[in-house]
Amino acid sequence: MFLADTRGGQDKPLIQALLKPASPTHGLYTLKQIPKLDFKKWINATYQELATHICTALGLKGAMLQSALKRYNVFNSIAPLRILNPNLALQELYHGPTLAFKDMALQPLGALLASLAKDSQEQFLILVATSGDTGPATLASLAGLENIKVVCLYPSKGTSLVQALQMQTMDAPNLKVYGIEGDFDDAQSTLKNLLNDPEFNAQLRAQGCSIGVANSVNFGRVLFQIIYHVWGYLEWVRLQQSSCGEAIRIVVPSGNFGNALGAFFAKEMGLPVAKIAIVSNANDVLEEFFNTGVYDISHRRLQKTYAPAMDILKSSNVERLLYALFGHERTKECMQGLDTHKRYTLTEGELEKLQAHFEAVSCTDAECLDYIKQTYKDFNYLIDPHTATAFKALESLKSPLPSVIVSTASWAKFPQTTCLALENKPTMDDKEALEILAKRGIVPPDSVADLLKKPPIHTEVLKIPEISSHIKAWLS
């Protein structure tokens, strides 16, 4: 199985692209062809069986895959649906080790990368940039594994305390975590620059190390994200006893767009999805793009919101969507426009093609708090602030179609916002918020309480120009 370069470079074998995802064109590797699959024949499959079928169709199979899929054994539950009413369900993707949906892809991908590195007899430095959830999930997946070292970059003032502690308290000799003075876009740009920096790569090779990434620059992330969208649909059919073939709408809180891209690929493979609803926070560049065809960040500054994992302006996975819909030449043209002018514009026909699959809204912080409060009142059910934004789509995009909301994280990763929504008063920190919530009988998972007792190990905060030299010093 070969993956295509979104900007027209040479195709790359899937396994090679997983280990070494850097492209000479600075593009991304993605599906060259999207197979059509008959999902209804897998209606009674387990999650691991479904994952095997889909991965095999995409060219990933064998004992190494089966070993990677065993990582789902550590989950409390695998992507269950919570039915709220006959037309609405939430797919809970946060029952893994770090209480966020990133575990769904990074647990098996981490095991796969370690196995591939061992088989190739190479040492790998895995870089990861995070807005709050990818970092903890990557570190938890790769901690202590042979042939792998990990450097994680996160915005030092851009995550919740729980998210930060999940990274800062990771105690394994092959892990290093740096806060950075900047936002997620800065972290992601730094990662991409290092990935394509000849001097940095040459110095790593001199130390006997190759470079890889665990961000969605790595197509393996997207591959494993396709699976749970299919599982969600099949679960809907099973639980609601509906006909396999009836269309649904998938609602996705969106930042870097990998989650939504997985839904798009599932749709293109034959999953009965009428529309994919994209929900942004105040950083509503995706809402503007899907409604107008204009991707413009030239006039924007990143805003901090109650849904920090969505505080992103450059949604890198949109590039893979452009390739799937318009081909590599047009994708390259758009990406050059974004790099040079910080904007590009689709034609009227291209926008029409885009909107055949997607619709989009944005959600304010005030609305986010209201949806948390109202969902708890109506269903005695707590949602995190990212999931809360998805309820704006239900209100704005009226549709008789059944909707499955992708619920991306546990509320316990964002206690202050949860407390503010329910109690209508700010708190000093996550610890105080959890104490107040406990008085209402709202208690987080044991892992969160334990986390707050741990002393941070990784406390360095770097300026962007310092990152490269610090990584090289740590490796040596």
Which net charge results when you count Lys and Arg as +1 and Asp and Glu as -1 among the other residues whose beta-carbon is under 15 Å from that of Lys398?
-> +1
Zone of Val294 (label point 7 Å along Cα→Cβ, backbone N under 19 Å): which residues in the range 307-343?
-> 313-315, 334-343
Leaving out ligands and nucleic acids, note down the accessible area per residue over the chain with a 1.4 angstrom probe, in whole Å².
-> 39
Would you mind computing, in nm to one decimal, how far apart the modelled labels at Thr340 and Lys463 are, each placed 7 Å from Cα along Cα→Cβ?
-> 3.1
For the range 92-165, calculate the relative contact order in percent as a whole number, restricting contacts to Cα pairs under 8 Å that are 6 or more residues apart.
-> 33
Quick calc: nm separation of the 7 Å Cα→Cβ label points for Lys40 and Arg205 -> 5.3
Between Phe379 and Arg330, what FRET efficiency follows from the Cβ-Cβ distance if R0 is 41 Å, with the result rounded to 0.05?
-> 0.40
Sequence order, the range 357-364: Karplus ³J(HN,Hα) from phi using 6.51 cos²θ - 1.76 cosθ + 1.60, θ = phi - 60°, Hz rounded, Gly and Pro as x, gives 10, 10, 9, 8, 9, 10, 10, 7
When the accessible area of the range 212-271 is computed with all protein chains present and a 1.4 Å probe, what percentage of it is carbon and sulfur?
-> 40
On the accessible surface of the range 26-164, probed at 1.4 Å with all protein chains in place, carbon and sulfur together account for a percent value of 48
Return the loop-located trypsin sites (Lys or Arg not before Pro) in the range 404-476 (DSSP other than H, G, I, E, B) with at most 16 other Cβ atoms within 10 Å of their own Cβ; answer none if there are none.
-> Lys439, Arg440, Lys453, Lys463
Relative contact order in percent for the chain (Cα pairs under 8 Å, 6+ apart) equals 19
Across the Cα atoms of the range 150-230, what radius of gyration and what greatest pairwise Cα-Cα distance (Dmax) are found, in Å?
-> 14.7, 44
Does the range 345-476 come out rounded, prolate or oblate, given a ≥ b ≥ c as the square roots of the eigenvalues of its C-alpha gyration tensor, rounded meaning a/c under 1.5 and, failing that, prolate meaning a/b above b/c?
-> oblate
Helix-derived mean residue ellipticity, 222 nm - over the chain, DSSP H n ≥ 4, -39500 (n - 2.57), to 500 = -13500 deg cm²/dmol
Pairs of Cα atoms under 8 Å, at least six residues apart: use those to get the relative contact order of the range 27-170, whole percent.
-> 17
Taking a ≥ b ≥ c as the square roots of the Cα gyration tensor eigenvalues, with a/c under 1.5 meaning rounded and otherwise prolate when a/b beats b/c or oblate if not, the chain comes out rounded
What shape does the range 272-315 take by its C-alpha gyration tensor, where a ≥ b ≥ c are the square roots of the eigenvalues and a/c under 1.5 counts as rounded, a/b above b/c as prolate, and the rest as oblate?
-> oblate
What's the local net charge at Ser410, with K and R +1, D and E -1, over the other residues with C-beta under 15 Å away?
-> -4
Taking the Cβ-Cβ separation of Gln33 and Glu350 as r and a Förster radius of 22 Å, what is the calculated FRET efficiency to the nearest 0.05?
-> 0.60
Calculate the spin-label point distance for Glu49 paired with Asn424, positioning each point 7 Å from the Cα along the beta-carbon direction, and give it in nanometres.
-> 5.1
Roughly to the nearest percent, how much of the accessible area of the range 347-454 is carbon and sulfur, given a 1.4 Å probe?
-> 50
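The values are calculated or read from the model by the stated rules, or taken from the named source; none is laboratory data. None of these values were measured; they are calculated from a predicted model. For neighbour counting, all protein chains shown are included, and Cβ atoms are generated from backbone atoms with ideal geometry for every residue, glycine included. The protein model used for the area step is the full one, side chains on, heavy atoms only, and it has no ligands, DNA or RNA in it. Shrake-Rupley method; radii C 1.70, N 1.55, O 1.52, S 1.80 Å.
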